[in-house]
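Trainee: My questions will all concern the structure given below.
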Amino acid sequence: MGDERTLEGREPDLHRWHQEAPMMGDILRRGTLMTVTATGGGKSSGYVCDHDGLGLLLDLRGDPDGDATGYRLFPWSSVEHVMIKEASHSSLAGEPPSG
């Protein structure tokens, strides 16, 4: 019932949101900047290099602290959640910036 009240009269907005929402293939695309929180609570930011059945590989040059370098593999079993800036999925570069 709560869902009915919040969606009532908002069909066009909901349709637009659905069309613009990222898909899994978009957010895991190489070059996407994200922050991964591991099950222990540690956070790391970086650019997606690759992903497969084992986990997610990040290039840590995207870490805002600037201290991290190299690459980090996050096994899927250790990933608690992933944060991506809203605009990130609409402007995916495909490659992290050099530097």
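Trainee: For the range 15-47, give me the residue count where each residue is assigned to a helix (DSSP H, G or I) and either in contact with a His (Cβ under 7 Å, 6 or more places away or on another chain) or farther than 18 Å from Glu80 by Cβ (or both).
Mentor: 9
Trainee: Still on this structure: Taking the range 24-56, which residues are out of contact with any Ser or Thr (no Cβ under 6 Å at 6 or more places or on another chain) and loosely packed, with under 15 Cβ neighbours inside 10 Å?
Mentor: Met24, Gly25, Asp26, Gly40, Gly41, Gly42, Asp50, Asp52, Gly53, Leu54
Trainee: Tell me, which residue of the range 12-61 that is of a type in the set (Asp, Glu) and modelled with pLDDT of 90 or more is farthest from Ser77 (Cα to Cα)?
Mentor: As a first pass, look at the range 12-61 and keep what is of a type in the set (Asp, Glu): 13, 20, 26, 50, 52, 59.
Cutting the leftovers down to modelled with pLDDT of 90 or more gives us 50, 52, 59.
Details: Asp50: 16, Asp52: 13, Asp59: 19 Å.
Here the residue is Asp59.
Trainee: Among the numbered criteria (1) at pLDDT below 90; (2) part of a strand (DSSP E or B), which single criterion is violated by Ala93?
Mentor: Status for Ala93: all satisfied but (2).
The values are calculated or read from the model by the stated rules, or taken from the named source; none is laboratory data. Predicted model, so just to flag it, every value in this text is computed and none were measured. Glycine gets a Cβ as well: all are built from the backbone with ideal geometry, and neighbour counts include every protein chain shown.
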